[in-house]
Amino acid sequence: MAASTLARGRAGQEVRGGAALLRGTVTLYLSLIVVLPLTAVVWRSSRDGWGAFWEAATQPQALAALRLTFAVALAVAAGNVVMGTVIAWVLVRDQFPGKRVVNALIDLPFALPTIVAGITLLALYGSSSPVGVDIGYTRAGVVLALAFVTLPFVVRSVQPVLLTMEPDMEEAARCLGAGPLTSFRRIVLPTIAPALLAGAALAFARAVGEFGSVVILSGNIPYRTEVASVHVFSLVENDDVGSAAAVSVVLLATSVLVLAGLNLLQRRRTRHAD
Amino acid sequence: MSILVRNATRRFGDFTALDDVSVEIPSGSLTALLGPSGSGKSTLLRVIAGLERPDAGSVEIDGRDATSLPPQRRGVGFVFQHYAAFKHMTVRENVAFGLKVARRPKAEIRARVDELLELVQLPGLADRYPAQLSGGQRQRMALARSLATQPSVLLLDEPFGALDARVRKELRAWLRHLHDEVHVTTVFVTHDQEEAMEVADRIVVMNHGRVEQVGGPRDLYEHPANAFVMGFVGAVTRLGEHFIRPHDIEVRRQPNGTTSEAMVERLVHLGFEVRADLVLHDGQRLAAQLSRQDAEELELAQGQIVFVRPSRTRQFAEAPAG
């Protein structure tokens, strides 16, 4: 018995030792990949003092770029909430020929280099558009580019939840007098809400940081179609690293706030799931 | 309210779940749909609820043709095997769901929910979430929810199937009481003949998508229409073409002219009753069921020679089904 206690003790220690090692690895990795660079940006932005930071961050052109970026990112995230849910719903609940092709198509924006996406969109919807739609170098172009690259997020987070959702909750709602719309609003929506919010958060984050597709399609006209990431890039190109860091920090802080807000909502929604 | 199903057929691909089924369920009755899995009993229940459309046939509820009505307009309460609790709502919100959808006034909803929670013995748990309830409690909540809108018909699909044996027994008795109190026409699906016999006053026995027999528990046991029903509603042992209930085999120590000689191959003591597996001299096997007292009086033992005679046998024209 003493031996078995000893063995168990040793096994326990091993597990604890293994857990500590894993935790250490994760911490180190995250530090190197995420925390240190972010800290460096914040540190770089503050090097010239608070006044310089504030001046750089509130440059009219910077403000315009930030405003456009967050407005479009929010709009795109919201659009994805609706369209992503509709697409996921159709892919899960509907049966039609070619469904697997459509399903595979959803991941294309992930697989395509965003520069290629930008070129493709410009060729299709630019000044020499074969379909007669010219939204190149306009804000509509920015929205389109971001909608394209963020398409998979909501679809792919909602789809598995819909797939595993047992039909009996909805059937129960139907038997209690709820029509299909009420059943969707009161039963399906609350069930997929956490996944929906998670997908929206990812789409938002991606839209805020997107560079490749926008840089091609938007034309980067200051005050009109220049997004924050492109603005930061042009500041760096002009050797104004301090200002670039300042704008980046504002971008970063706002993103963190929005993501934290979405996370909070999501957690409130998942509280009672078992 | 009465339910009338006429010539309902439902196929799923190659599988025929319902094969030209006609059933009448009288108003106020407590009816069990009894059968093995795949017999079509759940499909029949779902056809009545409108959750499944029959390929052919019709459903009448309370004299009105409901065949093409969606479930939300049939006025049926439905209880699912796995509760189908709305996980994101409290017990109170779950029970209130149907009333809210019907836009009843708030005060009325509150009063009705309180009354129902009292009825299903969950009054203290109104603000809990389903995840915080036991299986039995969840199913009682689901029952309260289905009764909230005062349905004309209550349908239960293997309502106790996911619960452990003790809770199942409790809820059976409780469903019986509930029916005596509420008097709503109730149909429940089960594959457990004991459950059907204990709870229902009418049983519809189904097999292979067809109705084999309809009758009261005693009726089915005493006068089964065919070999399948006889075997499904109780134990059965065979002697050639004869079907015998094990308790209808008389066991004696001495021959009396009409008995056959048999050897006790095995004795199983099941508390009050004793089961004796017998082998006749021609090699045929029989199972006899005796009370413990009778077995003791006969001093039954393994390997012993006894004399047996079926006191009551049954023969069916058709070959035994299933």
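The values are calculated or read from the model by the stated rules, or taken from the named source; none is laboratory data. In this text the structure is predicted, and so the values were computed from the model without any measurement. Cβ placement follows ideal geometry from the backbone for every residue including glycine, while neighbour counts extend to all protein chains displayed. The protein model used for the area step is the full one, side chains on, heavy atoms only, and it has no ligands, DNA or RNA in it. Shrake-Rupley method; radii C 1.70, N 1.55, O 1.52, S 1.80 Å.
Filtering B:Arg138, B:Arg145 for residues that are within 12 Å of another protein chain (Cβ to nearest Cβ), part of a helix (DSSP H, G or I), open to solvent by 40 Å² or more (accessible area, probe 1.4 Å) and touching a Phe, Trp or Tyr at 6+ places or on another chain (Cβ under 9 Å) leaves a single hit, B:Arg138. Within region B:116-132, identify whether any single residue is surrounded by 14 or more Cβ atoms within 10 Å (Cβ to Cβ), facing another protein chain (nearest Cβ under 10 Å), under 25 Å from B:Phe188 (Cβ atoms) and not β-branched (Val, Ile, Thr), and answer yes or no. For region B:116-132, residues surrounded by 14 or more Cβ atoms within 10 Å (Cβ to Cβ), facing another protein chain (nearest Cβ under 10 Å), under 25 Å from B:Phe188 (Cβ atoms) and not β-branched (Val, Ile, Thr): present.
Does region A:235-273 hold any residues that are out of contact with any Pro (no Cβ under 7 Å at 6 or more places or on another chain) and within 14 Å of chain B (Cβ to nearest Cβ), and which are they?
Here is the first cut: in region A:235-273, the ones out of contact with any Pro (no Cβ under 7 Å at 6 or more places or on another chain) are A:235-265, A:267-268, A:271-273.
If the condition is that a residue be out of contact with any Pro (no Cβ under 7 Å at 6 or more places or on another chain) and within 14 Å of chain B (Cβ to nearest Cβ), then A:Leu265, A:Arg267, A:Arg268, A:Arg271, A:His272, A:Ala273 are the ones that fit.
Go through the residues of region A:200-223 one by one and say whether even a single one is of a type in the set (Ser, Thr, Tyr), more than 14 Å from chain B (Cβ to nearest Cβ), open to solvent by 10 Å² or more (accessible area, probe 1.4 Å) and over 17 Å from A:Ala88 (Cβ atoms). Break it down stepwise before answering.
At the first step, the residues of region A:200-223 found to be of a type in the set (Ser, Thr, Tyr) are A:213, A:218, A:223.
If we keep only those that are more than 14 Å from chain B (Cβ to nearest Cβ) too, we end up with A:213, A:218, A:223.
From what is left, the residues that are open to solvent by 10 Å² or more (accessible area, probe 1.4 Å) are A:223.
After this cut, where a residue has to be over 17 Å from A:Ala88 (Cβ atoms) as well, the list is A:223.
Taking every residue of region A:200-223 in turn, at least one turns out to be of a type in the set (Ser, Thr, Tyr), more than 14 Å from chain B (Cβ to nearest Cβ), open to solvent by 10 Å² or more (accessible area, probe 1.4 Å) and over 17 Å from A:Ala88 (Cβ atoms).
Report, by residue number, each residue of region A:32-50 that is farther than 19 Å from A:Leu66 by Cβ and part of a helix (DSSP H, G or I).
Let us first name the residues in region A:32-50 that are farther than 19 Å from A:Leu66 by Cβ, namely A:32-37, A:39-40, A:43, A:47-49.
Those that are farther than 19 Å from A:Leu66 by Cβ and part of a helix (DSSP H, G or I): A:Leu32, A:Ile33, A:Val34, A:Val35, A:Leu36, A:Pro37, A:Thr39, A:Ala40, A:Trp43, A:Gly49.
For B:Arg6, state whether it is at pLDDT 95 or above, open to solvent by 20 Å² or more (accessible area, probe 1.4 Å) and farther than 19 Å from B:Val229 by Cα. Against the criterion (at pLDDT 95 or above, open to solvent by 20 Å² or more (accessible area, probe 1.4 Å) and farther than 19 Å from B:Val229 by Cα), B:Arg6 qualifies.
Listed residues B:Arg128, B:Arg92; which is outside any helix (DSSP H, G or I) and without any contact (Cβ under 8 Å) to a residue 60 or more places away in the chain? None of the other options fit; the residue is B:Arg128.
Residue-by-condition table, conditions (1) open to solvent by 10 Å² or more (accessible area, probe 1.4 Å); (2) at pLDDT below 95:
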site	(1), (2)
B:Asp180	yes, yes
B:His183	yes, yes
B:Glu194	yes, yes
B:Glu198	yes, yes
B:Ile203	no, no
B:Gln213	yes, no
B:Gly216	yes, no
B:Glu222	yes, yes
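If you scan region A:103-116, which residues turn out to be within 15 Å of the chain's Cα centre (by Cα) and open to solvent by 50 Å² or more (accessible area, probe 1.4 Å)? Once the filter is applied, which keeps residues that are within 15 Å of the chain's Cα centre (by Cα) and open to solvent by 50 Å² or more (accessible area, probe 1.4 Å), region A:103-116 yields A:Asp107, A:Phe110. Every condition in (1) open to solvent by 20 Å² or more (accessible area, probe 1.4 Å); (2) away from chain B (no Cβ under 14 Å); (3) outside any helix (DSSP H, G or I); (4) not charged (D, E, K, R) is met by A:Gly177 except one, and the failing one is (2). For region B:73-93, a residue qualifies if it is under 24 Å from the mean Cα position of the chain (by Cα), more than 7 Å from chain A (Cβ to nearest Cβ) and open to solvent by 40 Å² or more (accessible area, probe 1.4 Å), and exactly one does: B:Gln81.
The condition (being surrounded by fewer than 17 Cβ atoms within 10 Å (Cβ to Cβ) and touching a His at 6+ places or on another chain (Cβ under 9 Å)) is satisfied by just one residue among B:Ala317, B:Ala288, B:Ala262, B:Ala235: B:Ala235.
Taking the listed residues A:Thr182, A:Thr191, A:Thr150, the one that is touching a residue at least 24 places away in the same chain (Cβ under 8 Å), within 13 Å of another protein chain (Cβ to nearest Cβ) and at negative phi is A:Thr191, with no other qualifying. With the structure loaded, tell me whether A:Ile192 is more than 26 Å from A:Thr114 (Cα to Cα), among the β-branched types (Val, Ile, Thr) and in contact with a Ser or Thr (Cβ under 9 Å, 6 or more places away or on another chain) or whether it fails that test. It is true that A:Ile192 is more than 26 Å from A:Thr114 (Cα to Cα), among the β-branched types (Val, Ile, Thr) and in contact with a Ser or Thr (Cβ under 9 Å, 6 or more places away or on another chain). Among B:Lys41, B:Lys106, which is the only one that is more than 11 Å from chain A (Cβ to nearest Cβ) and under 30 Å from B:Met230 (Cα atoms)? Residue meeting the stated conditions: B:Lys41.
Between A:Leu259, A:Leu235, the distinction of being in contact (Cβ under 8 Å) with a residue 12 or more places away in the chain, farther than 30 Å from B:Val91 by Cβ, assigned by TED's automatic domain parsing to the domain that holds A:Thr69 and surrounded by fewer than 17 Cβ atoms within 10 Å (Cβ to Cβ) belongs to A:Leu259 only. For region A:51-102, the set of residues classified as open to solvent by less than 60 Å² (accessible area, probe 1.4 Å), more than 23 Å from A:Leu257 (Cβ to Cβ) and either polar (S, T, N, Q) or outside any helix (DSSP H, G or I) (or both) consists of A:Thr85, A:Gly98, listed by residue number.
Is it the case that some residue within region A:168-183 is farther than 27 Å from B:Pro159 by Cα and either assigned by TED's automatic domain parsing to the domain that holds A:Tyr223 or modelled with pLDDT of 95 or more (or both)?
Taking region A:168-183 first, the residues farther than 27 Å from B:Pro159 by Cα are A:181.
The next check asks that each one be either assigned by TED's automatic domain parsing to the domain that holds A:Tyr223 or modelled with pLDDT of 95 or more (or both); those that pass are A:181.
Scanning region A:168-183, I find at least one residue that is farther than 27 Å from B:Pro159 by Cα and either assigned by TED's automatic domain parsing to the domain that holds A:Tyr223 or modelled with pLDDT of 95 or more (or both), so the answer is yes.
If you go through region B:73-84 one residue at a time, do you hit one that is under 29 Å from B:Glu52 (Cβ atoms), modelled with pLDDT under 95 and in a helix (DSSP H, G or I)? Looking through region B:73-84, at least one residue is under 29 Å from B:Glu52 (Cβ atoms), modelled with pLDDT under 95 and in a helix (DSSP H, G or I).
Just one of the listed residues (B:Arg10, B:Arg6) is within 25 Å of A:Glu166 (Cα to Cα), more than 14 Å from every other protein chain (Cβ to nearest Cβ), of a type outside the set (A, V, I, L, M) and not in a loop (DSSP other than H, G, I, E, B), namely B:Arg10.
Among the residues of region B:96-114, those identified as open to solvent by less than 20 Å² (accessible area, probe 1.4 Å) and within 17 Å of A:Gly179 (Cβ to Cβ) are B:Phe97, B:Gly98, B:Leu99.
Taking residues in region B:173-199 that are without any contact (Cβ under 8 Å) to a residue 60 or more places away in the chain and assigned to a helix (DSSP H, G or I), and partners anywhere that are open to solvent by 80 Å² or more (accessible area, probe 1.4 Å) and polar (S, T, N, Q), the pairs with Cβ atoms closer than 9 Å and at least 6 places apart or on different chains are B:Trp174/B:Gln121.
Among the residues of region A:112-150, what is the count of those that are under 22 Å from A:Ala73 (Cα atoms), of a type in the set (A, V, I, L, M) and touching a Pro at 6+ places or on another chain (Cβ under 9 Å)? Outline the logic, then answer.
Let us first name the residues in region A:112-150 that are under 22 Å from A:Ala73 (Cα atoms), namely A:112-122, A:125-126, A:134-150.
From what is left, the residues that are of a type in the set (A, V, I, L, M) are A:112, A:115-117, A:119, A:121-122, A:135, A:140, A:142-147, A:149.
Then keep just the ones that are touching a Pro at 6+ places or on another chain (Cβ under 9 Å); that gives A:117, A:149.
Looking only at that region, the number is 2.
The rows are residues; the columns are (1) under 23 Å from A:Ala78 (Cα atoms); (2) crowded, with 17+ Cβ neighbours inside 10 Å.
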{"residue": "A:Thr182", "(1), (2)": "yes, yes"}
{"residue": "A:Val188", "(1), (2)": "yes, yes"}
{"residue": "A:Pro194", "(1), (2)": "yes, yes"}
{"residue": "A:Asp240", "(1), (2)": "no, no"}
{"residue": "A:Ala246", "(1), (2)": "no, yes"}
{"residue": "A:Ala253", "(1), (2)": "yes, no"}
